[in-house]
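Engineer: I'd like to ask some things about the structure below.
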There are 2 protein chains.
Amino acid sequence: MDAMKKIILTGDRPSGPLHLGHYVGSLKNRVAMQHDHQQYVMIADVQALSANAESPEKVRDNVLQVMLDYLAVGIDPTVSTIFLQSMIPEIAELTIYFLNLVTVARLQRNPTVKEEIRQKGFGASVPAGFFMHPVSQAADITIVKADVVPVGEDQMPLIEQCCEIVRSFNRIYAPVFPEPRGVVPPQGARLMGLDGKAKMSKSLGNAISLSDPLDELQKKVMSMYTDPNHVHVASPGQVEGNMVFSYLDIFDPNSAEVEELKAHYRRGGLGDVAIKKRLIGVLDALLSPMRERRAVFAKDPGAVIELLKQGTLRTREIAAQTMIDVRKAMQIDYW
Amino acid sequence: MDAMKKIILTGDRPSGPLHLGHYVGSLKNRVAMQHDHQQYVMIADVQALSANAESPEKVRDNVLQVMLDYLAVGIDPTVSTIFLQSMIPEIAELTIYFLNLVTVARLQRNPTVKEEIRQKGFGASVPAGFFMHPVSQAADITIVKADVVPVGEDQMPLIEQCCEIVRSFNRIYAPVFPEPRGVVPPQGARLMGLDGKAKMSKSLGNAISLSDPLDELQKKVMSMYTDPNHVHVASPGQVEGNMVFSYLDIFDPNSAEVEELKAHYRRGGLGDVAIKKRLIGVLDALLSPMRERRAVFAKDPGAVIELLKQGTLRTREIAAQTMIDVRKAMQIDYW
């Protein structure tokens, strides 16, 4: 590994198939960055278990699915290091020590956690493991001594929390960790869902999964929110807030043609079915190579898990070295 | 190890020298039980760090001191297994999984933690690691699959919390853990401090350490709270609430003589100095053999740490086996 390259950490909870929102907001960026960065990609199964303690089999199934999604989009496991969180026990160790450096009051104020607790409807019965999640995330980031963490805008408070922990640790014990920098990827970090009401999310049922077959893709695009007042093809339609045009803006490589279509739609005479068919073509051009790569890897799940194992073993070496530094700094390196 | 023997876990935070309160409430019991139980004794340095994150050197120094206290009182490291918490990373791992099985609201209601937070004056700025302490303690207990946990009455809520976690784990995943039983040792679990105001505690400065030299012991006994109205030797004195008699009741092997002394004190003519001198003799008869054993071991701190290392390595084998069971049950045994 090239010592001059910046270390990047990203990851996903394996709680369902990855979708176009993940692709636009993160996966595409990872494929682009993997060559000039030392990139770690974490399948955060421990974090997924914190909100799904009673469904371990669901989390386990999704570990393989997320790994297939990664390979499908073009994250190269010989270039990026893909690892499984639960198989790096050093992260748990570091989390325990970091928990001493954060107050309960500070965790209660973290806006990202507040919002997630609200979304999941936990209220006061939030599992302690879920509540602690900014601290375990700080351990995920620092165990590989990441310099850069690409995140959505809404995740920035987690990076701030991590930086606070890093500063406390470095001040009290010894300067072991770099302060990570949170970076919001340039293009549309938030992809709206098919219904146009909220960010694309598998739990809201408004998502196109990267692994959706063509007929599923067609059905979903055909159900997309457009202009509810555009009843007749001949009438003028509205482009603003029309999800099909929003998606064409993001995914259609021919923006000149998209602008022409918008003009046509605005003045009337262009039907929803026509623009939806175009979007299906555009999305299928993106997704069908992914579907093909996925199908190849899916034939041998054992080999896919082996790729994950190799990445995890590489990460574990780094993690073990980090814990040597941590133990020395904390004076708990007894033998 | 004898499979028929019950497994016991006890331990201490290495945050200061152990004192007579520890001896009466716990250490004496451990020496007595070590032969017919499979006993683990944990030096809880991770727990000590949760309230002393900024003083790692203090915790480290006290690891050796507590180990010397154990050897001094007669805990035999070839019979009991003494181990160091921070060197069993499996405890951290298990804690992280247990955190998913407990709600924040439940932790906030734990009376032991509430009281400790109050005592230490943390308020809302309680470190998350300290707040989590019932969960990490559940991991301490279950990592060795302990059946019995001797505790003070005030610690019983921690055992209840542990049992709740064990029941949740066994129900959701698989029956991996026995439900531990909390047992309050028969004799005087709470030894009052020299001032008679509160339980003996190093932080309250009302304690006689097991390692106090004779002159320190003398000075402390001479300062003990007796009967404040007993100004003249000839006057009648009060025995109830008189700490010297409380201690004689506990430590003096000749209870008939103690009863005679009480009668004499009550009717007048027996001075405080006389009863204090008797107590010094009684306590020194207990402490001087400890002091001698301590002095022998203290000559070779490296050998003492080696004994701790051997116990820790034995414990780690058990802990690793427990985590194999846990991972299998949770379906996170990927390779």
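Every number here is computed from the coordinates shown, using simple stated rules; none is lab data. What you see is a predicted model; the values in this text were computed from it and never measured. Ideal geometry is used to build each Cβ from the backbone, glycine not excepted, and the neighbour counts take in all protein chains shown.
Engineer: If r is the Cβ-Cβ distance from A:Leu286 to B:Ala105 and R0 is 45 Å, what FRET efficiency results, to the nearest 0.05?
Structural biologist: That pair, A:Leu286 with B:Ala105, gives E of 0.50.
Engineer: What is the average number of partner chain Cβ atoms found within 10 Å of a Cβ in B:161-174?
Structural biologist: 1
Engineer: Related question: Past the 32 Å Cα-Cα mark, which pairs from A:Lys28/A:Lys145; A:Lys262/A:Lys299; A:Lys328/B:Lys199?
Structural biologist: A:Lys262/A:Lys299; A:Lys328/B:Lys199
Engineer: Still on this model: Could you compute the net charge surrounding A:Ser15? Neighbours are other residues with a C-beta less than 15 Å from the C-beta of A:Ser15; K and R count +1, D and E count -1.
Structural biologist: Summing Lys and Arg as +1 and Asp and Glu as -1 gives -2.
Engineer: Then there's this: Report, to two decimal places, the Cα Rg of the stretch A:1-111 normalised by 2.2 N^0.38 Å (N = number of residues).
Structural biologist: 1.18
Engineer: Give the distance, in whole Å, between the Cα centre of the stretch B:92-128 and the Cα centre of the stretch B:212-269.
Structural biologist: 41
Engineer: Put a point 7 Å out from Cα along the line to Cβ at A:Ile172; what are the distances to that point in the other copies, in nm, shortest first?
Structural biologist: Result, one decimal in nm: 2.8.
Engineer: With N set to the residue count of the stretch A:212-294, report its C-alpha Rg divided by 2.2 N^0.38 Å to two decimal places.
Structural biologist: Relative to the rule-of-thumb radius for its length, the stretch A:212-294 sits at 1.11.
Engineer: Here's another thing I want to ask about it. Evaluate the relative contact order of the stretch A:114-219 (contact order divided by residue number), counting alpha-carbon pairs under 8 angstrom at least 6 apart; express in whole percent.
Structural biologist: 20
Engineer: Another question, if that's okay. For chain B, what are the DSSP H helices with axial Cα length of 27 Å or more and mean Kyte-Doolittle hydropathy of at least -1.0?
Structural biologist: Once both thresholds are applied, what remains is B:272-298, B:301-330.
Engineer: A follow-up question, please. Just order A:280-288, A:205-213 by mean Cβ neighbour count inside 10 Å, highest at the front, would you?
Structural biologist: Answer by packing, highest mean first, reads A:205-213, A:280-288.
Engineer: If we hang a label 7 Å off Cα along the beta carbon direction at A:Lys219, how far is it from the matching labels on the other copies, in nm, shortest first?
Structural biologist: When each copy's label point is compared with this one, the spacings are 8.4 nm.
Engineer: Using the 7 Å Cα-to-Cβ label point, sort the distances from A:Pro186 to its equivalents in the other copies shortest first and give them in nm to one decimal.
Structural biologist: Counterpart label points of A:Pro186 in the remaining copies fall at 7.9 nm.
Engineer: What is the local net charge at A:Leu204, summed over the other residues whose Cβ is closer than 11 Å to its Cβ (Lys, Arg +1; Asp, Glu -1)?
Structural biologist: Summing Lys and Arg as +1 and Asp and Glu as -1 gives +2.
Engineer: Give the average, rounded to an integer, of partner chain Cβ atoms located within 10 angstrom of each Cβ in B:126-139.
Structural biologist: 5
Engineer: Tell me, what is the FRET efficiency for B:Lys199 and B:Asp325 to the nearest 0.05, using R0 = 41 angstrom and their Cβ-Cβ distance as r?
Structural biologist: 0.60
Engineer: What net charge is computed for the residues neighbouring A:Arg167, neighbours being all others with C-beta under 12 Å from the C-beta of A:Arg167, Lys and Arg scored +1, Asp and Glu -1?
Structural biologist: Net charge in that neighbourhood comes out at -2.
Engineer: Also: Using a 10 Å cut-off around each Cβ of peptide B:112-124, what is the average number of partner chain Cβ atoms that fall inside?
Structural biologist: What the average comes to for B:112-124 is 1.
Engineer: While we're looking at this one, here's another question. Given an 8 Å cut-off on Cα distances and at least 6 residues of separation, report the relative contact order of the stretch B:212-294 as a percent.
Structural biologist: Across the stretch B:212-294, relative contact order equals 34 percent.
Engineer: At 7 Å along the Cα-to-beta-carbon direction for both B:His232 and A:Ala256, put a label point, then send me their distance in nm to one decimal.
Structural biologist: 11.8
Engineer: Also, quick follow-up: Using mean Cβ contacts within 10 Å as the protection proxy, how do B:169-180, B:4-15, B:20-31, B:111-122 order, highest first?
Structural biologist: In decreasing order of mean packing, B:169-180, B:4-15, B:20-31, B:111-122 become B:20-31, B:4-15, B:169-180, B:111-122.
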